[in-house]
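Take a look at the structure set out below.
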Amino acid sequence: MKAIPFCALAKSLSLPSGLTSSSQALVLGAAIDSRKILPGDLYFALPGNKVDGHQFLEDAAQKGAVGAVVKEGYAGSSYG
C-alpha cells in the first residue's frame with residue numbers, strides 16, 4: 001500500500017472526521033484485527049458475531065495505529 005496522509009484518505013472517501021493533530025500521520029496499511037496492528041495502520045473497528053471491534057480501539061492505538069474507522073454515531077471512549 002502506498003503511504004497516504006490520514007486526512008487525505010478521509011477527504012478522498014468523503015468521511016466525516018474528528019481529525020486531531022495526528023491527522024497528518026501517514027497511513028501505511030490497514031487492519032480489521034487489533035491483534036495484527038502494525039505501526040502506521042488504519043484500524044477498522046468492525047462489529048462481529050462475538051465481539052465488537054470498537055472494544056479494541058485503545059489496543060489499536062497502543063500498537064501504533066494512526067487512526068480508526070468507527071461506526072457512524074460512535075460515542076464511546078476517545079481513540080488515542
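The values are calculated or read from the model by the stated rules, or taken from the named source; none is laboratory data. Owing to the predicted nature of the structure, the values given are computational and were not obtained by experimental measurement. Keep in mind that these areas ignore ligands, DNA and RNA; they rest on the heavy atoms of the full protein, side chains included. Shrake-Rupley method; radii C 1.70, N 1.55, O 1.52, S 1.80 Å.
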- Query: D for the chain, whole µm²/s, Stokes-Einstein with Kirkwood Rh over alpha-carbon pairs at 25 °C and 0.890 mPa s: what number?
  - Reply: 194 µm²/s
- Message: Using a 1.4 Å probe on the protein heavy atoms, what percent of the accessible area of the chain belongs to carbon and sulfur?
- Response: 57 percent
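For the chain, what is the mean residue ellipticity at 222 nm derived from helices alone (per DSSP H run of n ≥ 4: -39500 (n - 2.57); sum divided by total residues; nearest 500 deg cm²/dmol)?
-4000 deg cm²/dmol
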